[in-house]
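The values are calculated or read from the model by the stated rules, or taken from the named source; none is laboratory data. As the structure is a prediction and not an experimental result, all values here were calculated from the model. Methodologically, a virtual Cβ is constructed for each residue, glycine included, from the backbone with ideal geometry; neighbour enumeration extends over all protein chains shown.
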Amino acid sequence: MLCDVTERAAGVVTAVFGPLVRVQVGEDALVVPFRRTLHWAEGIADRRLVVGDRVALEGKPPDSIVTGVEARRTTLTRRSPGERRSRVIAANVDQAVVVMAAVSPEPNPRLLDRFLVACNHAGIEPVICFNKVDQGTAGIDAWIGDYVDAGYELLLASARTSRGVGCLTRKVAGRTTLFPGVREFGFWDLAPSELQAYFPEIARAAAGCSFADCTHESEAACAVRDAAQSGKLSARRYTSFLKLRQELEATADRA
């Protein structure tokens, strides 16, 4: 049954299919085209429709068409291999839930770190969900505590046994939530000096550094490096931070 859309309506993009988009209008979903020349709100640089965009529609179903895009409150970006610039993959998202298998395929904590930085930089609350825990947690036991110590919310779930599904359902209720594929997330407009703000435990330890601009690599009296060496800070997360910082520095040098 088609919803009662008037001549003008507003909705949220939930999927993009080439020249068509699925738009949630109230309780109903419409698959509609969009004008080649859309009216974009001021300040939107990446002018491609993405999931989460709030749009204006004109016409009644089945002749509705997207005519405009409202300002984006938040954006999540990613840079694909070979691309020099990051691109927006979602907008106006309250939270993003990254789902990784606990055992197989082998989870990649460094990729998870990239995801967390990208979300925090975009102002999107990240939630970590490990699936397939019914098969064991050997793949994450050695480092899952790093994220608890950093203050992130973790959910353990099993789609097969329904463990944790209720918790996840309650977590996403009433909020605009993205379930992204865990691939290469970009944060290429982030300055190297800003990175520590998105590693909460490193930001806390950095308060004890002797220099305000400490890079936490080779400076004397670096509280972050000392904490990693003494075991007070995860050595794995510290190494991940350094590698990401070096990556940002290399990107800045090429710009």
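Under the condition of being of a type in the set (Val, Ile, Thr) and at pLDDT 95 or above, which residue from segment 17-33 is surrounded by the fewest Cβ atoms within 10 Å (Cβ to Cβ)? In this case the residue turns out to be Val31.
Kindly check whether there is at least one residue in segment 57-64 that is within 16 Å of Thr176 (Cβ to Cβ) and surrounded by 18 or more Cβ atoms within 10 Å (Cβ to Cβ).
As a first pass, look at segment 57-64 and keep what is within 16 Å of Thr176 (Cβ to Cβ): none.
Scanning segment 57-64 turns up no residue that is within 16 Å of Thr176 (Cβ to Cβ) and surrounded by 18 or more Cβ atoms within 10 Å (Cβ to Cβ).
Taken together, Arg204, Arg163, Arg170 contain a single residue that is in a loop (DSSP other than H, G, I, E, B) and basic (Lys, Arg), which is Arg163. Just one of the numbered conditions (1) closer than 26 Å to Val93 by Cβ; (2) buried (at least 18 other Cβ atoms within 10 Å of the Cβ); (3) not polar (S, T, N, Q) is not true of Cys209: (1). What do you reckon, is Glu217 in contact (Cβ under 8 Å) with a residue 12 or more places away in the chain, more than 19 Å from Pro109 (Cβ to Cβ) and not assigned by TED's automatic domain parsing to the domain that holds Ala118? In short, yes.
With the structure loaded, tell me whether Asn120 is among the polar types (S, T, N, Q), buried (at least 17 other Cβ atoms within 10 Å of the Cβ), touching a Gly at 6+ places or on another chain (Cβ under 6 Å) and touching a residue at least 60 places away in the same chain (Cβ under 8 Å) or whether it fails that test.
no
Among the conditions (1) at pLDDT 90 or above; (2) within 26 Å of Val50 (Cα to Cα); (3) over 13 Å from the mean Cα position of the chain (by Cα), Gln95 misses just one, which is (3). Residues in segment 64-83 that are of a type outside the set (S, T, N, Q) and modelled with pLDDT of 90 or more: Ile65, Val66, Gly68, Val69, Glu70, Ala71, Arg72, Arg73. Here Ala138 does not fit the description of being closer than 30 Å to Ala252 by Cα and in contact (Cβ under 8 Å) with a residue 24 or more places away in the chain.
Taking the criterion of being modelled with pLDDT of 85 or more and either on the phi > 0 side of the Ramachandran plot or within 14 Å of the chain's Cα centre (by Cα) (or both), the residues of segment 177-195 that qualify are Thr177, Leu178, Phe179. Among the conditions (1) within 24 Å of the chain's Cα centre (by Cα); (2) touching a residue at least 12 places away in the same chain (Cβ under 8 Å), Gly174 misses just one, which is (2).
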